[in-house]
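Structure record follows, encoded as structure tokens.
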Amino acid sequence: MNPGAENIDVTRRDDSGITTLTLNRPDSRNSLSRNCIAALTDELGKIATDTRVKVVVLAAAGTVFCAGHDLKELRAHPDSAWTREMFEACSAMMLAMTRAPQPIIARVHGVATAAGCQLVATADLAVASSDASFATPGVNIGLFCSTPMVALSRNVGRKKAMEMLLTGRPMSANEAEAAGLVNMVVAPEKLDEAVYGLAGVIASKSRRVLAIGKRAFYEQIEMGLAESYTYAAAVMTKNMMEGDATEGIDAFLAKRNPVWAND
């Protein structure tokens, strides 16, 4: 593994088209302080324009994935202007994840609560250790998880999302898989194998086509059915004119491996 640029709260590692961003605040359960949010947003911005990166893995140091916002920091800044700016910065970071052209895989172990659960829901894919748990427990401390609700409600069914939000009850890794919050659950010792195996499969595809597909997915999912089909037909037409589509189809017909032009 070759080390890349590093922040205090978020570290970056690049290897063969796969970039790993690691939340690096284990002493505070990787809570999302304002500095941590800024660091992650900064790295996402750099990655978005880095043509060497095909897949991003979002991981965390220590025994917890992410315990949500830094509550000590929130209490230290009781004024509404600072609080609004912080929540808006976090929302902008989540949007940066969705808008990044590269697929993002959350590597989840331990606890993912509140904004930590939001990170998992916002990631394009998620692989969880069997010891992981997920919750939106803000209701227990008088702070309803309204911003985590945005991503959560777009990934699991309404009834399940409301159950999590209204009760604060933790959800096991297996429950999260059944609800659609994560893609797969593996034994703790198999977590890296599963995450980077999945990342490797995706990284073998055309970078350009991955970007087209990810953007189209999030655009159409907010549209009505007829509008979605019209939009998707236009995207596929444009995609068909790409050199990688020509190469991919020719390679398939010739029964050989494709050689992507943009890699």
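Observations, loosely collected:
- Exposure proxy ranking, count of Cβ atoms within 10 Å, fewest first, for Arg34, Arg84, Arg107, Arg154: Arg84, Arg154, Arg34, Arg107
- Difference of contour (0.36 nm per residue) and Cα-Cα distance, Lys255 to Leu95: 53.7 nm
- Here the sum of -39500 (n - 2.57) over DSSP H runs of 4 or more residues, divided by the residues of the chain, equals -15000 deg cm²/dmol at 222 nm, to the nearest 500.
- In the stretch 217-263, the trypsin sites (Lys or Arg not before Pro) that fall in loop regions by DSSP, at most 10 other Cβ within 10 Å: Lys255, Arg256
- Qualifying aspartates and glutamates (Cα of each under 20 Å from Cα of Lys238; at least 8 residues distant if same chain): Glu219, Glu227, Glu247, Asp250, Asp263
- Likely footprinting exposure, Val108, Val53, Val209, fewest C-beta neighbours within 10 Å first: Val209, Val53, Val108
- Given +1 at the Cβ of Lys and Arg, -1 at the Cβ of Asp and Glu and no other charges, the dipole of the stretch 2-203 around its Cα centre is 460 debye to the nearest 20.
- With θ taken as phi - 60° and the Karplus curve 6.51 cos²θ - 1.76 cosθ + 1.60 applied, the whole-hertz 3J(HN,Hα) list for the stretch 122-130 is 6, 4, 5, 9, 8, 10, 10, 6, 5 Hz, x standing for glycine and proline.
- Cross-link pairs exceeding 20 Å between alpha carbons, from the set Lys54/Lys214; Lys46/Lys214; Lys54/Lys190; Lys72/Lys160; Lys46/Lys72: Lys54/Lys190; Lys72/Lys160; Lys46/Lys72.
- Length added when fully stretched, Ile221-Glu193, from 0.36 nm per residue minus Cα-Cα: 7.0 nm
- Chymotrypsin sites (Phe, Trp or Tyr not before Pro) lying in DSSP loop within the stretch 50-116, provided at most 14 other Cβ fall within 10 Å: none
- Candidates Pro101, Pro26, Pro78: whichever shows maximal mean-square fluctuation once the chain is modelled as a Gaussian network with Cα springs under 10 Å: Pro78
- Positive-end residue of Ala203, Ala76, Thr230, charge dipole of the chain with Cβ unit charges: Thr230
- The ranking of Arg29, Arg169 from fewest to most other beta carbons within 10 Å of each one's beta carbon is Arg169, Arg29.
Read-outs: derived from the displayed coordinates by stated rules, not from any lab. This structure is a prediction, so every number in the text was calculated from the model and none was measured. Virtual Cβ from ideal backbone geometry, glycine too; neighbours counted across all protein chains shown.
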